[in-house]
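What follows is a set of notes on a single structure, which appears directly below.
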Amino acid sequence: MTSSVKQLASKFLLLLVVGAADFAAGQASVPAADAKGTAESTPAVKPDKAQAYYHYALAHIYEELVTSYARSEYVTKAIDEYKKALEYDPDSQFLNANLAELYFKTGRIRDAVLDAQEIIKRDPKNLDARRLLGRIYLHSLGDLQGEQQSNEMLRLAIEQYQQIVVLDPNSVEDHLLLGRLYSRNNDLQKAEAEFKTAVKLQPDSEDALTYLAYLYNEEGDSKRAAETLEAIPDSARSSRLYAALGYTYEQRREYKKAISAYQRSVELDHDNLDSLRGLAQNLLNDGQTDAAMQQYKAIAEADPQDAQTQLRIAEIYRSMGKFDLALDSLKKAQNLAQDSLEVPYNMALVYQSQGRYDEAAQILQQLLSKNEKADGNYSPSERTNRAVFLERLGSVQREQAKYAAAIETFRKTLSLGDDHAERGYEQMVETYRAQKQWPQALAAAQEGSSKLPSSRDLKITLAQQMVDNNQGSAAISLMKSLLENKPSDREIYLGLAQMYTSLKRFPEAEDAVAQAEKLSSKQEEKDYVLFVAGSVYERQKKFDIAEQKFKAALSDDPRNAAVLNYLGYMLADRGLRLEEALAYIKKAVEQEPENGAYLDSLGWAYFKMGNYDLAEVNLLKAGEKIGNDGTVQDHLGGLYFKTGRMKQAAAHWERALEEWNKSTPGEVDSADVARVTRDLESARVKLAQQQSQNQSQK
């Protein structure tokens, strides 16, 4: 005998001795079946359990050979033997279930489904058949592209596992699977119930505890997620549990705790790249950019095929203003993920940051062409992508001062659904405001609020435009009408604070900030309230109180670029603690190197320090970004006057007055207008004197 034949024979003998009991146990007396979905129509034969078992044994041997050698002829023979076995025992659920399982394993999914459904039709309590169907639906979920098909498969999977947990209520694994399916279906309460059942059945189940914690995070209850995981003693925590804890701390913005948890996860499992990714992300969140980059580079070395890590590296380089290095990383990512939409989108972001607007626009237009459907029938994810691409393209066009093109681009988002339309209207308003076209901004806000009457955000936007169009009382009334005595009133009070500040009704602005503070529960909400409060006090020239508010916000979030810039500028403008002011502004610019307002602050700080060369470099950059900002023009005028270039000084001060004249009253300080008017006259006098001296020298 050959070796393979000997193995076949020995397996056959072993099945005869050991397998008979299993075969007999699998038999059940059931009513006669119509054979649909099982054996094909064959001549009637006399039932014979011995013959059935003989063919079952051969089928099982061929299954073993399929596993060992993966040859298609063994699959065919196994199926044939199962069918012969069913000819001798057509009512056998055991044989039908095994045949269905074989169909599934060998990719004949339709046959597997039909057989399993036939078994359940005859015996609704058949657990093996339901588990097989459940596995098939789960497997199919990952293969389907269309949303409608995927939703239907999810429904079928849920339906099976609902029955499975009834038939086997003590199966932790099945409760977890059903919970995950409910979670995917966004039925979070039912998911929570299944995960809690799994925890009750097995209190130390790592899967159950982590799934429950992730669910709480998804519900926005990171506190309960943390409590669930923190209740587990340190000695019982695995790498996976520490990773879940790290993720939970990240949701709570407790980045140092997240870093510590991810470090423990990596210590327990050095090959856990997901934990290493979490560690890198939270180092970045905590402002430890160099350490984050070190971790991302380690991940890239360990997994050279990881395109997402190259994307993260590129984002860090972009935030550092190292645009060429960012593009190098993006090209690596593109080679690894050629069909990715995220990679070219990030390239467009880099080009926009570099001022290479035409190249950025070209990439975004290509993405839109690739994403476009003639019938306009987009899935939710496709709609979101399209809205993101359109919004970014519009912002690029706005930076190019192609305002009409930007408005047209933003209008294209209006057909993508209410949420995207809302953003489209807000961007249209912002584009008109960039041109200081206040009536057009008001009209766009009115149109949006009319078309989307349920949008609270658009009503707030409308009220803000009303203030800028000298309709302050009506704007305040509109905002107050949106108050509902709910936590969501926080946003209304913040809007009121900014409107009252613009109207110079400062006591009411302070009261509105206090109300917003009462409704702020999350730390990031409290930080933003502190920022708004600081701006209210700064506008009143209550600089000490404003500084306290800004520093309180920075104590929790030291990388808050808006607060860093505001505090730094407030100090620099008054000539106070200039080194400290410069440090604040530099941190803001490091995060947003192309932000025109931050570059203006940086240039003005250098001016106050007497470093006129660096002042000019940064003020000119700011002028390129936000040239229609009167304050930037004022600063350039001051620089050129100080350095004896009267013609340029006069030109920029003239531009400053021109831009302020177009601005809303709330944006302009009358004292600044008076000062620049005097400075302009002084520059003109000096310029006339210089011209007179030059003529006399000739």
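Every read-out reported here was derived from the displayed coordinates using simple, explicitly stated rules and does not represent laboratory data. Here the structure is a predicted model, which is why all the values come from computation and not from measurement. Glycine gets a Cβ as well: all are built from the backbone with ideal geometry, and neighbour counts include every protein chain shown.
Summary table
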| item | result |
| --- | --- |
| Helices (runs of 4 or more DSSP H) (entirely within the range 236-307) containing at least 2 residues that are of a type in the set (Asp, Glu) | 289-302 |
| Any hit, the range 534-541, residues being among the acidic types (Asp, Glu) and closer than 21 Å to residue 460 by Cβ | no |
| Selected residue (only one of 430, 391 is of a type in the set (D, E, K, R) and touching a helix residue (DSSP H, G or I) at 6+ places or on another chain (Cβ under 7 Å)) | 391 |
| Candidate set from the range 596-622 (those that are over 17 Å from residue 570 (Cβ atoms) and among the polar types (S, T, N, Q)); member that is surrounded by the fewest Cβ atoms within 10 Å (Cβ to Cβ) | 611 |
| Subset of the range 220-278 (residues that are more than 23 Å from residue 311 (Cα to Cα), in contact with an Asp or Glu (Cβ under 7 Å, 6 or more places away or on another chain) and of a type in the set (Lys, Arg)) | 240, 256 |
| Selection count, the range 201-257, where residues are of a type in the set (Ser, Thr, Tyr) and within 18 Å of the chain's Cα centre (by Cα) | 7 |
| Selection count, the range 623-650, where residues are of a type outside the set (Val, Ile, Thr) and either surrounded by fewer than 18 Cβ atoms within 10 Å (Cβ to Cβ) or more than 23 Å from residue 670 (Cα to Cα) (or both) | 10 |
| Matching option when the condition is out of contact with any Phe, Trp or Tyr (no Cβ under 6 Å at 6 or more places or on another chain), more than 27 Å from residue 494 (Cβ to Cβ) and in a helix (DSSP H, G or I), among 421, 405, 445, 401 | 405 |
| Residue that is surrounded by the most Cβ atoms within 10 Å (Cβ to Cβ) [pool: residues in the range 671-695 that are within 18 Å of residue 631 (Cα to Cα) and touching a helix residue (DSSP H, G or I) at 6+ places or on another chain (Cβ under 8 Å)] | 683 |
| Which numbered condition residue 151 misses (of (1) more than 26 Å from the chain's Cα centre (by Cα); (2) part of a helix (DSSP H, G or I)) | (1) |
| 1 or more residues of a type in the set (Ser, Thr, Tyr): qualifying helices (runs of 4 or more DSSP H) within the range 618-698 | 630-642, 670-697 |
| Residue, nearest to the chain's Cα centre (by Cα), within the range 424-438, restricted to residues that are assigned to a helix (DSSP H, G or I) and over 21 Å from residue 452 (Cβ atoms) | 434 |
| Where a residue in the range 317-334 is free of Cβ contacts under 8 Å to residues at least 60 places away in the same chain and within 14 Å of residue 348 (Cα to Cα) and its partner, wherever it lies, is crowded, with 16+ Cβ neighbours inside 10 Å and of a type in the set (D, E, K, R), with Cβ under 7 Å and at least six apart | 326/318 |
